[in-house]
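Asker: Please find one structure pasted underneath; my questions will follow.
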Amino acid sequence: MKTGIKIALSIAMLSSLSFGGEQFAMSDADRAMYAEMSENNPADIMVADGESYMEELGGDAAFAKYLGVSEDNLPSYIAGFPRYIKKFDMVVGLDQVVQAMMHDQGKKPYTLKSAEMFSLLAYIKSLANGEKINIDVNANPQMKEAYALGEKTFMTKRGGRGLACYSCHSPDIIGTVLRTQPLPELGHPGNAAAATWPAYRMTKSSLRTLQRRFQGCMQNALLAVIPLGSKEMVALEVYLTDKAKDSEIAIPGLKR
């Protein structure tokens with residue numbers, strides 16, 4: 001069963017996240033739980049559910065055929081998403097491809113925020129485990145446009161607090177602590193957000209996607225929440241996926 005590569009994270013590595021000890025409020029019990037979950041990620045079960053959903057659509061071979069690639073090349077192709085798909089004439093995420101495939105099969109597509117879609121997306125992306133992100137933002141005008149829009153979305157200040165994504169993830173801020181959590185560099189090899197989502201969030205006790213995580217950040221920052229699958233949201237994923245380019249995909253991830 002293709003349930004993804006478990007992410008090994010030792011107690012020593014967890015301790016290195018303290019950023020000065022008392023600043024990073026993670027109890028010993030939480031650390032122990034995190035270490036246990038890194039070996040037995042609860043999301044593995046959800047990825048297995050996603051595999052079952054894919055089988056209902058014809059399996060990996062049918063998905064590869066829908067994308068116009070060989071099954072052997074499917075993992076590498078998946079590692080290049082979001083990407084421009086000519087038959088849709090737009091830059092899309094894997095979940096949107098699934099929706100289109102379900103529609104073309106006469107099935108009611110899962111919504112982008114459904115647990116079924118989260119599981120299916122995690123399974124599909126887990127097929128690329130071990131592959132390096134190979135997104136090409138210069139492949140065509142559509143990808144260049146998506147990258148530019150994603151960068152603008154990341155940098156633009158808006159909302160009640162006048163914040164942008166960049167406000168919490170700029171080089172000057174990375175490593176400081178907000179709400180007990182050190183702010184990460186989203187493309188750093190040790191984090192590489194695009195390579196480790198979908199992931200299981202301990203605080204939510206559920207599997208979440210990268211775009212859903214974006215929405216959570218927007219809510220916390222009092223920003224108007226951008227809809228899943230919208231042009232702006234896909235563009236934001238393009239921008240941050242490019243930041244994580246050449247990082248090795250490891251799905252499902254595990255996040256506090």
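The values are calculated or read from the model by the stated rules, or taken from the named source; none is laboratory data. Keep in mind it's a predicted model, so treat the numbers as computed, not measured. With ideal geometry, Cβ positions are generated from the backbone for all residues, glycine too; neighbour counts draw on all protein chains shown. Quick note on the areas: whole protein, heavy atoms, side chains included, nothing else; ligands and nucleic acids left out. Shrake-Rupley method; radii C 1.70, N 1.55, O 1.52, S 1.80 Å.
Residue-wise test of (1) part of a loop (DSSP other than H, G, I, E, B); (2) over 20 Å from the mean Cα position of the chain (by Cα); (3) not basic (Lys, Arg).
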residue: Asp72; (1), (2), (3): yes, yes, yes
residue: Val98; (1), (2), (3): no, no, yes
residue: Leu120; (1), (2), (3): no, no, yes
residue: Lys125; (1), (2), (3): no, no, no
residue: Val137; (1), (2), (3): yes, no, yes
residue: Gly160; (1), (2), (3): yes, yes, yes
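Asker: Please go through the stretch 201-213 and pick out each residue that is open to solvent by 20 Å² or more (accessible area, probe 1.4 Å) and touching a helix residue (DSSP H, G or I) at 6+ places or on another chain (Cβ under 9 Å).
Answerer: Arg201, Met202, Lys204, Ser206, Arg208, Arg212, Arg213 - these are the residues of the stretch 201-213 that are open to solvent by 20 Å² or more (accessible area, probe 1.4 Å) and touching a helix residue (DSSP H, G or I) at 6+ places or on another chain (Cβ under 9 Å).
Asker: For the stretch 190-253, which fully contained helices (runs of 4 or more DSSP H) count at least 1 residues that are over 22 Å from Val47 (Cα atoms)?
Answerer: 210-220, 231-243
Asker: Could you tell me whether the stretch 106-117 includes any residue that is open to solvent by less than 40 Å² (accessible area, probe 1.4 Å) and farther than 23 Å from Val225 by Cβ?
Answerer: Scanning the stretch 106-117, I find no residue that is open to solvent by less than 40 Å² (accessible area, probe 1.4 Å) and farther than 23 Å from Val225 by Cβ, so the answer is no.
Asker: Exactly one condition in (1) open to solvent by less than 40 Å² (accessible area, probe 1.4 Å); (2) in contact (Cβ under 8 Å) with a residue 24 or more places away in the chain is not met by Val69; state its number.
Answerer: The one condition Val69 does not meet is (2).
Asker: Let me ask you something else. Can you tell me which residue is modelled with the lowest pLDDT among those in the stretch 231-249 that are of a type outside the set (Asp, Glu) and open to solvent by 20 Å² or more (accessible area, probe 1.4 Å)?
Answerer: Top of the filtered list is Lys243.
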